[in-house]
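The values are calculated or read from the model by the stated rules, or taken from the named source; none is laboratory data. Keep in mind that this is a model prediction, so the values were computed, not measured. Here Cβ is always computed from backbone atoms with ideal geometry, including for glycine, and neighbour counts include all displayed protein chains. We work out accessible area using only protein heavy atoms, side chains counted, and drop any ligands, DNA or RNA first. Shrake-Rupley method; radii C 1.70, N 1.55, O 1.52, S 1.80 Å.
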Amino acid sequence: MTGRDSGRTMDAVSGPHAGQPLLAAGAPALAAEAALVVCHGRGATAQGVINLFEPVSRHGLAVLAPQAERSRWYPRSAAALRTENEPWLSSSVDCVAATLGAAAEIGIPPERTVLAGFSQGACVAAEYVRRNPNRYGGLAVLSATLPGSDAELEATDIDGSLAETPVLLGYGAEDPHVDPSRVAATAQIFERADAAVDERRYPETGHEVTDDEFAAIGALLETALEA
């Protein structure tokens, strides 16, 4: 998929990511029946993540990808204290909110929107859902976890219900950037908020997205398109 200029910059976003572009791909507004909101990893771009998710493209799907300032959503590790990644982290969450707002403007509600990301972008998508519990079409957290220190994750609860939102947590067993104990903690946080969590650990896999993950996301999108 080649991203097209959505004609939108995220001017309503506060903090470091204010005014960054929002790319669109896939179905045009009048033909869109579901949406995929995708967040790129550190050092990558909105166009790059649109390309990465090409395998899940399908008829009737609008793809929306926000761009981070200087291609990073926040400066420190996802395992740092959340305050150490502010104001970037909250600004990143605002970008996801702006992207969901763009989906709503073309008639796509949260329950027909799947949020996804890879690496740092997946942390941002997960953090948005943590702060904004709702029934979404799905959340795919690929090679990532919720941000925050280990102690913060242990103490975290979501203030509301995800109402059986499907949550995919996929990571490679050989990924040096993802701690399995943090994946487990992330899964528990979402499960306590009534999400339907699907945790998948891939042997002999590093920091990458697998065909199985693309297939799982495709299934979420098919459900959203049929809704």
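Data overview
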item: Any chance Ala44 is open to solvent by less than 10 Å² (accessible area, probe 1.4 Å), under 27 Å from Ala224 (Cβ atoms), of a type in the set (A, V, I, L, M) and outside any helix (DSSP H, G or I); result: no
item: Pairs, first free of Cβ contacts under 8 Å to residues at least 60 places away in the same chain in segment 98-114, second crowded, with 19+ Cβ neighbours inside 10 Å and charged (D, E, K, R), C-beta under 7 Å, six or more apart; result: none
item: Ala140 being under 22 Å from Tyr74 (Cα atoms) and modelled with pLDDT of 95 or more; result: yes
item: Test: residue in segment 83-100 that is under 26 Å from Val183 (Cβ atoms), touching a Leu at 6+ places or on another chain (Cβ under 7 Å) and among the aromatic types (Phe, Trp, Tyr); result: no
item: Selection count where residues are touching a Lys or Arg at 6+ places or on another chain (Cβ under 7 Å) and more than 19 Å from Glu111 (Cβ to Cβ), scope segment 24-42; result: 3
item: Segment 64-100, residues that are in a helix (DSSP H, G or I), open to solvent by less than 30 Å² (accessible area, probe 1.4 Å) and not hydroxyl-bearing (Ser, Thr, Tyr); result: Asn85, Leu89, Val93, Cys95, Val96, Ala98, Leu100
item: Pairs, first exposed (fewer than 14 other Cβ atoms within 10 Å of the Cβ) in segment 204-220, second aliphatic (A, V, I, L, M), C-beta under 9 Å, six or more apart; result: Glu204/Ala173; Ala215/Val56
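Conditions (1) out of contact with any strand residue (DSSP E or B) (no Cβ under 7 Å at 6 or more places or on another chain); (2) at negative phi, marked per residue:
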| residue | (1), (2) |
| --- | --- |
| Pro16 | yes, yes |
| Leu52 | no, yes |
| Pro66 | no, yes |
| Arg70 | yes, no |
| Thr99 | no, yes |
| Ala104 | yes, yes |
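For (1) closer than 23 Å to Arg201 by Cα; (2) surrounded by 16 or more Cβ atoms within 10 Å (Cβ to Cβ), each residue gets a yes or a no:
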position	(1), (2)
Gly107	no, no
Val114	yes, yes
Phe118	yes, yes
Leu153	yes, yes
Gly160	no, no
Glu164	yes, no
Asp179	yes, no
Ala185	yes, yes
